[in-house]
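Just so it is clear, none of the values below were taken in a lab; they were calculated from the coordinates. Keep in mind it's a predicted model, so treat the numbers as computed, not measured. Note that we place each Cβ from the backbone using ideal geometry, even for glycine, and neighbour counts take in every protein chain shown.
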Amino acid sequence: AARENLEQALAIRRKVLGEEHEDTATSYHNLGHLLETLGDYAAAREYSEKAFVIFRKVLGEDHAYTAVSHQSVGLHLEKVGNYSAARRHYEKALAVNRSIFGEEHDQTSSTYRLLGCLLMEIGDYAAARASLEKSLAIERKVFGEESLGTANVLEDLGKLLFYTGDYPAAQDHIEKSLAITRDILGEEHYRTAISHHNLGSVLWRIGEYTLAREQLKQSLAIQRRVFKTDHPSMIDSYKQLIQLEAQFGNLSAAVQWADLERRNSRRHVGRQLLSLSQTEQAQFMTFYYEWRGEQAMSLALAGVDQNHFAPQSAEWLLNSKGVVQEALVERTLLLRDVQNGGQKSLVAQLMLVRDQLARVSLHVPNLGTTAQWRERIDALEAQESELTRQLAQAGGSVPFRDPWVELAAVRKSLPDDSILLEFSRFRPFPLTEKDNKKRDWQPARYVAWIIPPAQHGEVQIVDLGPADAIEEALESARQLIQAAGEKSVEKSPILKLGEPEAEQNLRQELQRVADLVWKPLAEKVGDAQRLILSPDGALWLLPWAALPIRDVSKQYLIERYELQFVTSGRDLVRRQPAAVQPRPAVIFADPDFDLAATKAADAAKQVLRERAPASDLRKAAGDPALGRRLPPFAALPGTGMEAKLVQPHLAARTGSDPKVYQGKYALETIAKQIRSPQIALFSTHAYFLPDQETKPTDRELPLLTDSRRGVALTTEGKPLENPLLRCGLLFSGCNDPRAGQGSMVDDGVLTGMEIVGIDLRGTELVVLSGCDTGIGTIRNGEGVAGLRQAFQLAGAESVVATLWPLHDQQAAELMSSFFQHLADGKSKSAALRAAQLDRIQKRRKDRGAAHPFYWAAWTVTGN
């Protein structure tokens with residue numbers, strides 16, 4: 001009812017007074033405050049920020065109402081984990097309030113309290129205590145000992161004392177707060193529920209188990225009666241009850257609370273992510289969601305010997321992986337076909353900013369301009385973030401779709417001959433440890449959930465062991481594989497020892513990995529013929545196809561199983577083919593990297609003249625702070641052969657001849673214009689920029705080192721935060737220093753961020769036939785943020801990518817075989833397996849060995 005009245009007041013004020021009036025801003029502010037209380041943080045932030053903009057414009061920066069808006073915006077930023085920005089808003093509000101009202105005023109006290117709570121969250125307990133005690137002194141002097149403001153600050157100080165281990169003092173503060181709050185607001189109030197929760201947390205820590213449970217349950221019961229539905233604040237109550245019940249051995253009760261917590265958390269996250277920028281999404285997930293997932297997985301691990309909680313925890317895991325990627329896909333689809341004029345303008349601005357950001361991030365700053373280069377990137381990233389968020393808000397409210405997927409639905413979607421292997425890398429928390437001093441996060445482990453189709457057995461959990469051991473063995477094997485591709489006899493084990501001995505040495509390294517990762521699972525997969533793998537962490541970089549099968553001479557996993565990869569088993573249920581009529585397949589191959597910018601512009605005009613006039617081609621202004629571009633890239637004649645070999649197979653699969661863009665026509669500008677090809681093949685150089693923290697310098701920075709078709713990039717200074725800016729594909733003209741600087745075409749470097757803007761709805765397959773196209777930033781629970789993810793975000797149903805640098809001829813032969821099997825009607829994963837088996841058999845026949853370097857780099861991810 002309150003919301004309805006406030007919305008009516010806002011509508012009247014906008015109509016009568018206009019948008020830029022302080023009373024209109026007051027309505028926005030009040031609505032934001034109410035929605036924040038109701039847990040709709042995304043909508044609350046939108047209203048609060050609108051109020052802030054109006055107050056600052058109409059009343060000025062140093063007005064009391066502007067200070068209140070600073071506090072509201074800061075509170076929303078704090079809720080998504082952006083503590084530094086929140087702190088700036090609080091400190092600005094404090095300065096204004098002290099200037100206007102003086103030190104002894106409730107507004108000043110309110111800001112001290114907010115700042116103190118923020119400092120407590122970031123662990124600066126001394127500063128937090130000082131700020132909160134100032135607030136308490138003001139409240140007591142202005143309003144007295146029994147005021148609600150005094151109770152609020154007592155509560156916060158009690159939490160601070162709890163965090164610092166002074167439990168008796170914490171209990172005293174919180175009990176005083178509860179008594180005052182209950183007397184003023186009554187028992188059936190949200191604020192009273194919070195006091196019950198905090199008191200329960202303290203009682204638990206001092207060993208009053210029964211009283212603690214009563215307080216926590218009472219808090220939860222009040223919240224349920226007040227809010228009538230799930231509310232984000234309930235999640236903290238669930239969390240405490242999980243830990244309390246588990247600590248005293250009541251694992252079944254803990255699992256029930258964990259199930260409620262996981263469902264509530266997932267729905268809350270689903271509501272928030274669409275309105276956040278990509279940077280804010282990462283902050284929010286780290287701050288709010290990920291560690292709670294680790295707590296739930298720890299509970300599953302506590303019962304792993306009996307597999308008591310395997311079905312419940314499998315469902316938690318299915319719904320916790322790929323959450324950010326799912327939100328990004330939804331937002332991309334929402335923005336794809338905007339019709340509103342204002343939104344179209346925002347989309348155009350966003351595309352331009354992303355284009356500029358892509359260009360600037362891959363240039364090297366001139367001597368002495370490193371700081372300006374970094375500032376330019378920071379400014380563009382901030383613009384990109386803000387435009388993305390504005391578009392999400394401008395799109396209006398999206399009907400909420402429950403994101404939770406039931407385990408039964410996933411099991412029903414699995415083919416009878418398959419089995420789903422879900423992996424999780426997490427830090428266990430000793431929930432069952434009764435000694436509080438021993439309760440701390442443990443080193444990360446890998447755990448696997450074996451999920452068979454419906455009616456084909458039970459879900460099982462397998463603890464694979466410490467992550468460090470698995471990752472060390474995996475890295476050792478990967479280094480040996482990559483060394484195999486070196487051209488130097490001294491560096492390449494194949495050239496130095498011969499393929500049979502090199503293969504045997506690699507098998508020994510891969511066997512170490514297999515013993516840790518595959519051996520514990522092998523006997524539990526039964527008679528499955530297809531493994532649907534949802535890796536986590538570094539397991540995304542594991543060449544699963546090349547894992548040796550122990551006790552079977554020279555046989556690899558791919559020789560026994562078909563392999564398919566998904567970000568989460570949830571993808572098997574959620575992702576449906578887009579209702580878009582696909583267009584003919586496209587091939588980009590054998591780019592002319594040395595093509596002059598003027599000739600590239602002429603080639604683009606020839607291809608695009610019927611679809612986009614030359615005036616619509618984006619122009620890029622030069623930047624005086626930027627120095628030399630990327631080092632020159634060598635030609636890839638083998639990719640031309642690859643294109644020729646696969647064309648007839650693509651025609652047979654799709655029913656029409658593919659469009660081939662080769663040589664001077666293999667342009668980034670043309671790649672950005674493709675729309676929904678049924679299949680797309682990109683056969684070119686790829687790169688990935690590792691995330692590195694090093695000190696900035698003013699010397700010329702080495703940005704790229706070429707490594708055949710794969711490129712390893714390094715940089716100094718603050719790393720680029722968005723991994724989609726640190727990966728890309730290379731096209732014709734990228735070697736020309738003038739490319740993209742005032743010309744009629746792009747610069748020949750298609751970054752992951754730019755790929756997301758290509759419309760690939762209805763595209764069933766993208767093949768990235770370059771080196772390291774499956775490499776990127778590993779994010780636990782989210783897969784690998786890189787080229788593969790970029791194409792999935794753009795709408796592609798499946799992506800074939802690679803795990804290490806390739807040899808042109810070997811890549812061409814395997815790709816030809818892959819597309820031939822596709823043309824014969826095989827599924828994508830079955831076609832890839834058949835192509836890999838072809839290579840294995842041929843090499844064994846011709847050379848007496850089949851080193852995995854030549855056939856195991858490729859993976860297929862998606863449906």
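Order these peptides, 225-234, 289-298, 540-549, by their mean beta-carbon neighbour count within 10 angstrom, highest first.
Output ranking for 225-234, 289-298, 540-549: 540-549, 289-298, 225-234.
Using only Cα coordinates, the Kirkwood hydrodynamic radius of region 1-74 works out to 11.9 Å. Inter-label distance, Asp62 to Val226: 3.9 nm, where each label sits 7 Å from its Cα along the C-beta direction. Coupling constants for region 793-798 follow from the phi torsions by the Karplus curve (6.51 cos²θ - 1.76 cosθ + 1.60, θ = phi - 60°), and in residue order they are 4, 6, x, 5, 6, 9 Hz; glycine and proline get x.
Straight-distance candidates among the lysines for linking to Lys496, with alpha-carbon spacing under 18 Å and chain neighbours fewer than 8 residues away dropped: Lys487. Compared with the alpha-carbon gap, the fully stretched path from Lys842 to His456 is longer by 135.3 nm at 0.36 nm per residue.
Where in region 484-549 are there GluC sites (Glu not before Pro) that are in a DSSP coil and have at most 15 other Cβ atoms within 10 angstrom of their Cβ? Taking region 484-549 and a limit of 15 other Cβ atoms within 10 Å, the loop GluC sites (Glu not before Pro) found are Glu490, Glu523.
Computed from the C-beta positions of Gln581 and Trp291 and an R0 of 56 Å, the FRET efficiency is 0.80 to the nearest 0.05.
Sorted from longest to shortest, the spans of the Cα atoms of region 5-148 along the three principal axes equal 48, 30, 29 Å.
From the Cα gyration tensor of region 134-206, with a ≥ b ≥ c the square roots of its eigenvalues, which class applies: rounded if a/c is under 1.5, or else prolate if a/b is larger than b/c, or else oblate? Oblate.
Checking the table Lys524/Lys826; Lys412/Lys524; Lys50/Lys141; Lys79/Lys159; Lys79/Lys239; Lys644/Lys828 against a 23 Å threshold on Cα-Cα, which pairs fail? List each step's numbers first, then the result.
Working: Lys524/Lys826 27 Å; Lys412/Lys524 19 Å; Lys50/Lys141 34 Å; Lys79/Lys159 17 Å; Lys79/Lys239 17 Å; Lys644/Lys828 20 Å.
Violating the 23 Å limit, Cα to Cα: Lys524/Lys826; Lys50/Lys141.
Applied to region 112-123, the Karplus parametrisation 6.51 cos²θ - 1.76 cosθ + 1.60 on θ = phi - 60° returns per-residue 3J(HN,Hα) values of 4, 5, 4, 5, x, 5, 5, 4, 5, 5, 8, x Hz, with x for Gly and Pro. Dividing the convex hull volume of the alpha carbon atoms of region 483-598 by its residue count gives 228 Å³ per residue. Sorted on the mean count of surrounding Cβ atoms within 10 Å across their residues, most packed first, peptides 676-685, 55-64, 558-567 read 676-685, 558-567, 55-64. Inter-label distance, Ala382 to Ser345: 2.2 nm, where each label sits 7 Å from its Cα along the C-beta direction. In this structure, the amide hydrogen of Gly663, modeled 1.01 Å from its nitrogen in the peptide plane, lies closer than 5 angstrom to those of Ala589, Asp592, counting only residues at least 5 positions away or on a different chain.
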